[in-house]
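Asks: What follows is a single structure, and I will ask about it in a moment.
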Amino acid sequence: KYKYLFFATKNGTVKKTSLEEFEKIRSNGLISINLDEGDELRWVKPTTGENEVLLVTSFARSIRFKEKDVRPTGRATMGVRGIKFRDKSDEVIAMDVVRKGEMFVMSISANGYGKSTPLDQFPMQGRGGQGVFAFQLRDKTGKLVVSRVIDHPKSELLIMSEDGNAIRLKSQDLPKLNRQTSGVRLIKLAKGDKVAAVAFL
């Protein structure tokens, strides 16, 4: 049973608030999180209080930590550091709640390269560190744009580019590679085109 909402921002801040705080919402809304200037709320997901969380950045850093590392706070609060950036131009591109079962971390770069990596290659750490590499970035790959924890047998994905091209894949067909590898080309893109989004079917 879900007990909390878990928040993550572009700049790596995370926060956990009890669902009970959102039971009575006025018609004009309410404040769910206070943000630093220039930061943006990107993800909100329900959690049980016993989950694990994975954050991944555009520069391919990732950190996996226990939800319990983030103590619950009220709505109008700032949150705490989830991941520390090595480069100020980096940003979080994914936050996922880890479920039970055999899991993989799917990663796709701006230039259409991708792979899946066993979740157990992502060590459990305390929140707020710099994490470990999830992907080997190269000039040909571009930055990471999508990352998600998946269950191979049940997942399909639709990769879409900025120019509107799309390809549909079964997640079990993604190459299974270690963290510090670049993956393989999943979608062929025209010059200047980039991966825009991935839909999970």
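Asks: Return the pair list, or none, for Cβ contacts closer than 8 Å from residues in segment 158-181 that are free of Cβ contacts under 8 Å to residues at least 24 places away in the same chain and of a type in the set (S, T, N, Q) to residues that are surrounded by 15 or more Cβ atoms within 10 Å (Cβ to Cβ) and in a helix (DSSP H, G or I), at least 6 apart or on different chains.
Replies: Every condition considered, the pairs that remain are 172/152.
Asks: Of all residues in segment 126-153, count the ones that are in a strand (DSSP E or B) and more than 17 Å from residue 90 (Cα to Cα).
Replies: Residues in segment 126-153 being in a strand (DSSP E or B) and more than 17 Å from residue 90 (Cα to Cα): 3 in total.
Asks: Please verify whether segment 172-182 includes one or more residues that are of a type outside the set (S, T, N, Q), modelled with pLDDT under 95 and buried (at least 18 other Cβ atoms within 10 Å of the Cβ).
Replies: yes
Asks: Identify all residues within segment 53-72 that are among the charged types (D, E, K, R) and either outside any loop (DSSP other than H, G, I, E, B) or free of Cβ contacts under 8 Å to residues at least 40 places away in the same chain (or both); write none if there are none.
Replies: The answer is 61, 64, 66, 67, 68, 69.
Asks: Still on this model: Mind listing whichever residues of segment 62-76 are closer than 25 Å to residue 106 by Cα and not aliphatic (A, V, I, L, M)?
Replies: Result: 62, 64, 65, 66, 67, 68, 69.
Asks: Can you tell me which residues in segment 83-119 are outside any loop (DSSP other than H, G, I, E, B) and of a type in the set (S, T, N, Q)?
Replies: 107, 109, 116, 117
Asks: Could you say which residue among 99, 75, 81, 86 is touching an Asp or Glu at 6+ places or on another chain (Cβ under 6 Å) and touching a residue at least 40 places away in the same chain (Cβ under 8 Å)?
Replies: 75
Asks: A further question on this structure: I'd like the residue in segment 1-32 that is aliphatic (A, V, I, L, M) and either part of a strand (DSSP E or B) or buried (at least 20 other Cβ atoms within 10 Å of the Cβ) (or both) and, out of all such residues, is farthest from the chain's Cα centre (by Cα).
Replies: 5
The values are calculated or read from the model by the stated rules, or taken from the named source; none is laboratory data. Not measured: the values here are computed from a predicted model. Virtual Cβ from ideal backbone geometry, glycine too; neighbours counted across all protein chains shown.
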